[in-house]
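To start, the structure under review is shown below, and the notes come after it.
Each value in this text was obtained by applying a stated rule to the coordinates, not by laboratory testing. Because the structure is predicted, anything quoted here is derived from the model rather than measured. Don't worry about glycine lacking a Cβ; one is built from the backbone with ideal geometry, like all the others, and counts go over all protein chains shown.
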Amino acid sequence: MNVVPLRTIVFQALFVLIAIAIQSYIFRRQLQVSPRTSVEYAATIELLSVVAGWLLFFFVEELLPQVLRLQLLNFIFFNQWSEGMESWAVPTAIVTFFLSFFLKLQGLILLKRVREEPREEAIEPRQTPNFATLKRPRPRGTRLAAIVLLANLVSYSAISLVLVLRQLTLAAI
């Protein structure tokens, strides 16, 4: 008998939409791109992250001991929290956050490379630097990493808030 976890699918879709909305807003502001481009960036890297996350989940789930595997499946698909899950749920959430950040950063770097058109650089006459006004620019990759980290942090926070509110409403019923 096959079971379709509709509740999990609906919540995953909601979380993806929340993440895309938040991340695209941050990308639009921080990267100075059009709204369409920011949504394309956010949607692409979020879907990449979700697909990779589910593939990793199904791979790791097969390797777990039976007891832990059942606890995990009951939690993910049926929202049933077992005793002792905190000991592995919190570290797993932290690892998941940083893995998704790394994957999103690499995805955005690749997207930006694909979208950039080759440019001819203008040759400027050689000037002597004025050390009083010389500013040291931040490395481009560091700025992009900070933007992706911010977008990931804000979207994870919003999703965590939705999960907490969901648990509070279920506890109140």
Report summary line: Phi-derived 3J(HN,Hα) across the stretch 83-90 with the Karplus relation (6.51, -1.76, 1.60, θ = phi - 60°), rounded Hz, x for Gly and Pro, is 5, x, 5, 4, 5, 10, 6, 5
Query raised in the report: For the stretch 150-166, what does the Karplus curve 6.51 cos²θ - 1.76 cosθ + 1.60, with θ = phi - 60°, yield as ³J(HN,Hα) per residue in whole Hz, taken in order and with x for Gly and Pro?
Result: 4, 4, 5, 4, 5, 5, 5, 5, 5, 5, 4, 4, 4, 5, 5, 4, 4
Query - Label-point gap, in nm, between S160 and I173 - each point 7 angstrom along Cα→Cβ - result: 2.5 nm
Report summary line: A145 and F78 label points (each 7 Å along its Cα→Cβ direction) are spaced in nm at 4.3 nm
Report summary line: Computed from the beta carbon distance with a Förster radius of 35 Å, FRET efficiency for R115 and L17 to the nearest 0.05 stands at 0.90
